[in-house]
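Student: Below is one structure. I have some questions about it.
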């Protein structure tokens with residue numbers, strides 16, 4: 001499913017899946033917080049290799065920012081994840097569901 005999603009939706013879905021972060025936490029992710037610098041830093045979120053690679057690709061596509069929100073809209077503000085879900089993710093999921101249903105139906109009628 002992730003392969004069917006455009007950026008940044010694919011990165012957001014992978015981040016949620018691999019970290020367990022909720023929408024508000026993902027929306028609040030900032031580039032400057034990716035590497036804690038002091039012992040008083042908040043508990044780090046473990047990032048596995050596949051996600052680290054995706055986040056680095058996402059950073060490069062954004063112009064390699066050092067600070068600011070990780071997931072932004074065209075104005076470089078934090079992205080509205082509910083809007084992204086409504087406009088991008090939900091229609092792709094609905095289309096995938098329809099295709100899966102058609103595939104099951106065709107398999108049953110062809111046998």
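Student: Enumerate the pairs (first residue in the stretch 35-55 and at pLDDT below 95; second residue anywhere and in a loop (DSSP other than H, G, I, E, B) and exposed (fewer than 10 other Cβ atoms within 10 Å of the Cβ)) with beta-carbon separation below 8 Å, excluding pairs fewer than 6 apart on the same chain, so at least 6 apart or on different chains.
Tutor: Sorted first by the residue in the stretch 35-55, then by its partner, the pairs are 36/42.
Student: Going through the stretch 17-36 one residue at a time, which ones are touching a helix residue (DSSP H, G or I) at 6+ places or on another chain (Cβ under 6 Å) and over 12 Å from residue 55 (Cβ atoms)?
Tutor: Restricting attention to the stretch 17-36, the residues satisfying the condition of being touching a helix residue (DSSP H, G or I) at 6+ places or on another chain (Cβ under 6 Å) are 18, 23, 26-27.
Once the filter is applied, which keeps residues that are touching a helix residue (DSSP H, G or I) at 6+ places or on another chain (Cβ under 6 Å) and over 12 Å from residue 55 (Cβ atoms), the stretch 17-36 yields 23, 27.
Student: Do the conditions hold for residue 76, that is, is it surrounded by fewer than 14 Cβ atoms within 10 Å (Cβ to Cβ) and under 20 Å from residue 17 (Cβ atoms)? Full working, then the answer.
Tutor: Working: surrounded by fewer than 14 Cβ atoms within 10 Å (Cβ to Cβ): yes; under 20 Å from residue 17 (Cβ atoms): no.
So residue 76 does not fit the description; no.
The values are calculated or read from the model by the stated rules, or taken from the named source; none is laboratory data. As the structure is a computational prediction, the values presented were derived from the model and not from experiment. Cβ atoms come from the backbone with ideal geometry, glycine included; neighbour counts cover every protein chain shown.
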